[in-house]
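Below: one structure, written as structure tokens.
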Amino acid sequence: MDELKKTKELVEKYLKKKYPDAQFTDEDLEFLARFSVKKEPKEREILKELGLISGKGTVQGYYADHESVKNAKDCIQAIYERFNTKRNSQKEKEHPVDVFGDDFEAFFAWWCDKTPEDGIRKCCYCEVDEDTVRAAFAKDEKDKCVISSKKRSFSGELQIERKDPDGDYCADNCEFACVICNNAKSDMISAEDFKKFFVPGIKEYWAHIEEEIKKKNP
Ligand SMILES: [Zn+2]
């Protein structure tokens with residue numbers, strides 16, 4: 001039971017940063033902890049057990065009346081997909097490295113820890129925020145796109161950077177980094193040298209990109 005309490009507290013901590021105005025009941029948090037984080041199957045049964053839906057109630061009906069829970073569930077699912085993609089891509093490699101001990105909760109706890117109080121994540125090097133990088137790549141609106149690449153891994157999502165490139169993907173070794181910093185630094189340049197010689201130029205570049213975004217979104 002203590003284990004579940006810990007997970008609920010983690011979910012609550014993350015949602016406070018991400019959705020400061022939304023209200024979640026203790027049962028909502030337990031549902032999200034069990035279904036979204038602990039990956040307990042049988043969504044409807046958990047909702048029923050917690051008294052969130054009645055005998056005839058449907059999962060869709062519950063989400064229709066509780067949009068904030070639906071948004072929270074989708075948001076945690078998107079984080080899970082990042083974890084899963086990373087884990088699977090590592091498994092396919094000749095020399096895979098451990099990704100958070102195959103433990104989604106550990107990954108989610110790291111993600112929560114690296115999310116500032118205002119809910120907007122930033123590159124650990126140049127400090128560009130995730131909204132700016134996403135807007136620059138404007139995945140779904142080609143006419144608003146300011147940066148594009150044929151490389152699939154080059155996207156508007158902040159990447160998961162290992163400070164020590166030979167180390168595992170674990171909480172102590174990972175930070176969020178923008179696609180420009182992560183790929184420029186790669187495994188060649190120390191964090192210290194990167195900050196000294198490259199980050200000032202990258203900051204200037206993002207300031208320029210922000211101007212370009214503004215021009216395309218008057
Ligand atoms: Zn950066």
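Odds and ends about this structure:
- Scalar couplings 3J(HN,Hα) for the range 180-196, obtained by applying the Karplus form with A = 6.51, B = -1.76, C = 1.60 to θ = phi - 60°, are 5, 5, 4, 7, 5, 6, 6, 10, 9, 10, 5, 4, 4, 5, 4, 4, 6 Hz; x denotes Gly and Pro.
- Rg and Dmax [Cα atoms of the range 120-218; Å; Rg one decimal, Dmax integer]: 13.8, 44
- Cα-Cα separations in the range 1-95 greater than 17 Å, expressed as whole percent: 53
- When peptides 101-111, 30-40, 204-214 are ranked by their average number of other Cβ atoms within 10 Å per residue, the highest-first order is 30-40, 101-111, 204-214.
- In this structure the amide hydrogen of C124, modeled in the peptide plane, comes within under 5 Å of the amide hydrogens of F176, A177, C178, none closer than 5 places in sequence on its chain.
- Peptide ranges 88-94, 182-188, 6-12 listed from the most packed, as the mean C-beta count within 10 angstrom indicates: 6-12, 182-188, 88-94
- Listed residue (V199, I189, V133) projecting farthest to the positive dipole end of the chain, Cβ model: V133
- Dmax and Rg, reported as Rg then Dmax, of the range 100-143 (C-alpha, Å): 13.5, 41
- Net charge of neighbours whose Cβ lies under 15 Å from the Cβ of K150, counting Lys and Arg as +1 and Asp and Glu as -1: +4
- Legend: residue pairs K163/K214; K17/K151; K16/K196; K139/K195; K73/K196; K38/K216, Cα-Cα distance threshold 30 Å; pairs beyond threshold, K163/K214; K17/K151; K16/K196; K73/K196; K38/K216.
- Placing unit charges on the Cβ atoms only, positive for Lys and Arg and negative for Asp and Glu, gives the range 1-95 a dipole magnitude near 380 debye about its Cα centre.
- Inter-centroid distance (Cα atoms) of the range 86-142 relative to the range 1-71, Å: 23
- Semi-axes of the equivalent ellipsoid for the range 49-99, Cα gyration tensor, largest first, Å: 36, 11, 8
- P(r) tail fraction, the chain - alpha-carbon pairs more than 23 Å apart, %: 55
- Evaluated with a Cβ-only charge set (Lys, Arg +1; Asp, Glu -1), the chain carries a dipole of roughly 700 debye about its Cα centre, given to the nearest 20.
- Entry note, the range 150-218: relative contact order of 24 percent, from Cα contacts under 8 Å with a spacing of 6+ residues.
Since every read-out is calculated from the coordinates, none of them should be taken as a lab result. Since we're looking at a predicted model, the values are computed, not measured. When we count neighbours, we look across all protein chains shown, and the Cβ atoms used for this are built from the backbone with ideal geometry, even at glycine.
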